[in-house]
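S.K.: Here's a structure for you.
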Amino acid sequence: MAAVQETVDRVRRIDVDQYRYGFETLIESDKAPKGLSEDTVRFISAKKNEPAWMLEWRLEAYRRWLTMTEPKWARVNYPKIDYQDLYYYSAPKAKKTVSSLDEIDPEILKTYEKLGIPLREVEVLEGVVRPPEGEEGSGQRKIAVDAVFDSVSVATTFQKELKKAGVIFMPISEAIREHPELVKKYLGSVVPTSDNYFATLNSAVFSDGSFVYVPPGVRCPMELSTYFRINERNTGQFERTLIIADKGAYVSYLEGCTAPQRDENQLHAAVVELVTLDDAEIKYSTVQNWYPGNSEGVGGIYNFVTKRGDCRGNNSKISWTQVETGSAITWKYPSCILRGDNSRGEFYSVAISNGHQQVDSGTKMIHLGKNTTSRIISKGIAAGVSQNTYRGLVTAHRKATGARNFTACDSLLIGDKCGAHTVPYVEAKNSSALFEHEATTSKISEDVLFYCVQRGLTQEEAVGLVVNGFVKDVLQQLPMEFAVEAQKLISISLEGSVG
Amino acid sequence: MSLLEVKDLQVRVDEREILHGLSLTVNAGEVHAIMGPNGSGKSTLSHVIAGKPGYEVTGGEILFKGEDLLEMSPDERAVKGVFLAFQYPVEIPGVTTINFLRTALNAQRKARGEAEFLVPDFLKKMRSVAGSLNIPMDMLKRGVNVGFSGGEKKRNEILQMALFEPSLCILDEMDSGLDIDALRVAADGVNALRSPERAMVVITHYQRLLNYIVPDVVHVMSKGRVVKSGGKELALELEASGYAQFEDAA
């Protein structure tokens with residue numbers, strides 16, 4: 001358990017007010033004027049050299065957004081957001097498309113270095129070990145990074161190899177220009193522009209994000225990953241990601257985020273859409289570590305995300321794995337629409353709240369096809385004065401005969417000032433559906449901690465050990481690269497929660 | 001110098017005094033048995049020595065190797081060589097026994113400034129210790145005590161004792177919940193750890209355990225004090241006549 005030891009060491013060195021990733025990079029920005037109007041939408045669209053149909057799509061979303069009201073049903077409290085007081089677009093200045101990392105602003109590269117995710121490492125990996133043709137999983141695993149720095153993708157690597165496999169992996173802004181037929185067909189087909197307040201806002205002003213298309217029968221030759229980072233003061237970040245796995249295709253996508261420390265709250269309203277056709281599979285993993293606010297609860301990211309996958313084809317599968325440790329407020333329900341017969345949805349989640357964080361997260365499993373199955377494993381950990389809510393919906397349509405779901409929601413409380421809440425909605429509209437729901441809430445027991453310290457562990461080491469045991473089922477779902485990082489984040493985020 | 005010296009120890013729990021001036025001296029190489037009826041303060045004594053929170057020491061002192069034990073945190077005491085075999089070992093789901101043992105052993109070694117065990121060396125050491133206690137590797141791959149039988153839990157405690165090599169072992173009601181065969185296995189494990197450098201304090205209700213772990217000294221506790229001490233024959237005497245005769249003495 002060396003990793004646990006390491007995380008505990010790190011915990012000691014860090015406290016809430018010394019958020020490790022709280023630094024800014026000094027780069028000139030290219031900003032849209034403050035506030036939101038049709039002009040802002042036009043500005044963004046023009047910046048991206050978008051075709052007319054895309055601008056229309058955005059404007060339609062914007063007009064609809066004006067008629068909507070912000071949802072209030074989540075168990076979170078925050079001051080009213082002034083949407084006219086935000087910037088909706090900012091991009092690092094002046095750089096054109098680059099063919100190698102050398103052409104990227106060294107400031108940006110430095111930022112990634114501080115984060116411990118150097119792009120260079122990817123290059124080195126690329127150059128050093130290359131698995132033999134047609135042999136997957138042998139040798140070193142490779143990760144392709146489409147780095148999103150603020151709103152624009154500044155580097156895209158591994159393009160050639162992906163191209164050889166026929167995989168399209170590019171910033172969505174480029175995909176709109178280069179693959180309009182695919183974007184038109186799938187964008188908004190899972191999360192329609194009218195879906196919800198934040199998704200509609202995103203549709204109007206989304207800045208950039210990733211686009212992935214894996215053609216029929218192709219197993220994507222590497223893990224795809226994107227690192228998000230909010231860097232511009234007062235800039236809302238509106239990511240838009242669209243991943244399509246065509247018939248029989250497979251892709252695993254990783255996403256990780258951190259953000260610098262600041263006092264103003266930052267709005268983040270991303271939309272992620274996944275589509276799997278017949279026999280296809282998408283595995284989507286997230287490690288989220290945005291600035292949670294300081295020990296008084298000031299600052300921190302507002303994270304209002306809409307993530308949804310559509311198992312459109314028969315025998316297709318979508319799996320969400322998330323480790324949520326950051327943000328002041330999290331409002332996030334990665335969901336699966338199980339449309340195809342025999343399709344399968346999975347949701348594995350660790351949501352940690354400490355300090356003044358508020359988490360309202362969960363999933364929706366919507367069973368439409370026959371013999372569809374879903375599995376939900378949710379681990380909520382609340383410490384400090386935080387509130388942690390699991391909110392989930394499992395529903396079987398009238399025609400979804402043989403639908404099956406298993407749900408296990410476990411909550412762990414650390415200290416006596418935090419709260420854990422479980423709000424499951426279960427609906428079966430046909431009698432052959434079989435839904436199981438298990439939920440537990442436990443306090444981290446004094447007896448367990450004493451047992452550990454009697455064996456020589458310090459109090460904080462003991463908490464780290466017990467918590468990592470609690471979330472093990474979920475961490476096992478993460479790709480190797482993230483599992484270690486996630487384990488570190490979990491211990492860091494619980495620093496100062498005992499003693 | 002004695003290994004453990006408890007002098008006139010007074011302990012309260014929730015304003016109620018449980019130990020009223022208890023004294024006990026244990027030398028290295030000795031095995032002491034502490035017997036007494038329910039509520040006489042046996043487990044309280046073991047918890048206070050190990051440093052469990054929730055007990056208020058209002059008087060007296062505990063010296064371990066001449067140092068003030070009450071000034072140390074529970075993990076520091078463990079590092080110094082105090083080991084408590086729990087009456088009810090806790091379960092830690094998701095943490096495999098192997099990882100737990102290695103994490104704990106290395107935490108102790110690090111705190112003492114010793115080199116930490118690398119995985120292969122640790123596994124080698126653990127295999128030999130587990131083998132001698134008849135503990136299969138399968139059991140060690142399960143979560144700590146999760147789904148263990150009573151006998152397995154107690155063997156896991158003894159396994160830790162053997163791995164950590166503490167100088168003071170306190171065994172709290174080791175016989176509770178064990179059938180006679182499991183008891184024999186556990187006792188054999190304990191006996192194998194007897195050494196001139198190590199002392200043991202065996203807490204029990206019944207004389208039965210002492211047939212397997214033969215003590216050098218037997219103490220009788222009643223109402224928060226040691227009321228009588230003697231050789232191993234004292235345990236037999238108790239078995240015959242019960243604790244009632246000591247109730248008045250307390």
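Only the coordinates and a few stated rules stand behind these numbers; no lab work does. If you're wondering where the values come from, they're calculated on a predicted model, not measured in any experiment. Methodologically, a virtual Cβ is constructed for each residue, glycine included, from the backbone with ideal geometry; neighbour enumeration extends over all protein chains shown.
S.K.: Taking the Cβ of A:His367 as the center, what net charge do the other residues with Cβ under 10 Å away carry, scoring Lys and Arg +1 and Asp and Glu -1?
M.R.: Net local charge, A:His367 excluded: +4.
S.K.: How would the range A:373-446 be classified by its alpha-carbon gyration tensor: rounded, prolate or oblate, with rounded meaning a/c under 1.5 and the a/b versus b/c comparison settling the rest?
M.R.: prolate
S.K.: Return the average number of partner chain Cβ atoms within 10 angstrom of each residue Cβ along peptide B:73-80.
M.R.: For this peptide, the per-residue mean of nearby foreign Cβ atoms is 5.
S.K.: Counting Lys +1, Arg +1, Asp -1, Glu -1, what net charge surrounds B:Arg208 among other residues with beta carbon under 10 Å of its beta carbon?
M.R.: Overall, the nearby charge balance is -2.
S.K.: In whole percent, what relative contact order does chain B give with Cα contacts below 8 Å and a gap of six or more residues?
M.R.: Relative contact order for chain B comes out at 29 percent.
S.K.: Tell me, what ³J(HN,Hα) does each residue in the range A:302-314 have, in order and in whole Hz, if you take phi through Karplus 6.51 cos²θ - 1.76 cosθ + 1.60 with θ = phi - 60° and put x for Gly and Pro?
M.R.: 9, 10, 10, 10, 10, 10, 8, x, 10, 7, 6, x, 5
S.K.: To continue, here is another question. Of the residues B:Val31, B:Val146, B:Val202, which exhibits the maximal mean-square fluctuation in a Gaussian network model of chain B defined by a 10 Å Cα contact cut-off?
M.R.: For chain B, modelled as a Gaussian network with Cα springs under 10 Å, the answer is B:Val146.
S.K.: Kindly put B:Glu165, A:Glu296 in sequence by how many other C-beta atoms sit within 10 Å of each C-beta, fewest to most.
M.R.: A:Glu296, B:Glu165
S.K.: I've got another one for you. Helix B:180-192 sits at what angle to the longest principal axis of chain B, using alpha carbons and giving 0 to 90 degrees rounded to 10?
M.R.: On a 0 to 90 degree scale, this one is about 80.
S.K.: Still on this model: Quick one: which residues, 5 or more positions from A:Asp310 or on another chain, have an amide H under 5 Å from its amide H? H modelled 1.01 Å from N in the peptide plane, none for Pro or chain starts.
M.R.: It is A:Leu274, A:Val275, A:Thr276, A:Ile337, by chain and number.
S.K.: For the range A:315-407, what relative contact order do you get, as a whole percent, if you take Cα pairs closer than 8 Å and at least 6 residues apart?
M.R.: It rounds to 30 percent for the range A:315-407.
S.K.: Any of B:Lys42/B:Lys65; A:Lys417/B:Lys223; B:Lys42/B:Lys153; A:Lys48/A:Lys72; A:Lys48/A:Lys364 with alpha carbons more than 28 Å apart? Name them for me.
M.R.: A:Lys417/B:Lys223; A:Lys48/A:Lys72; A:Lys48/A:Lys364
S.K.: Report relative contact order for the range B:31-104 in percent, whole number only (criteria: Cα-Cα under 8 Å, sequence separation at least 6).
M.R.: 24 percent
S.K.: So how far apart, in nm, are the two label points at A:Gln459 and B:Asp179 if each is 7 Å from Cα heading toward Cβ?
M.R.: Result for the modelled spin labels: 4.3 nm.
S.K.: Mind scanning A:Lys80/A:Lys472; A:Lys34/A:Lys307; A:Lys47/A:Lys379; A:Lys332/B:Lys110; A:Lys399/B:Lys141 and naming the pairs with a C-alpha gap bigger than 32 Å?
M.R.: With Cα atoms farther than 32 Å apart: A:Lys80/A:Lys472; A:Lys47/A:Lys379; A:Lys332/B:Lys110; A:Lys399/B:Lys141.
S.K.: Sort A:Ser349, A:Ser335 so the one with the fewest other Cβ atoms within 10 Å of its own Cβ comes first.
M.R.: Least to most surrounded, the residues fall as A:Ser335, A:Ser349.
S.K.: Further question on the same structure: Can you spot the lysines whose alpha carbon is less than 26 Å from A:Lys164's alpha carbon? Ignore those fewer than 8 places along the same chain.
M.R.: In chain and number order, the partners are A:Lys96, A:Lys142, A:Lys184, A:Lys185, A:Lys247, A:Lys283, A:Lys317.
S.K.: Provide a whole-number value for the mean count of partner chain Cβ atoms within 10 Å of the Cβ atoms in peptide A:456-465.
M.R.: What the average comes to for A:456-465 is 6.
S.K.: Amide H to amide H, which residues 5 or more places from A:Ala420 or on other chains are under 5 Å from it, using H placed in the peptide plane?
M.R.: Amide H neighbours of A:Ala420, under 5 Å, 5+ apart: A:Asn388.
S.K.: Let me ask something else about it. Please list B:225-236, B:182-193 highest first by mean number of surrounding beta-carbon atoms within 10 Å per residue.
M.R.: Highest mean packing first, the order is B:182-193, B:225-236.
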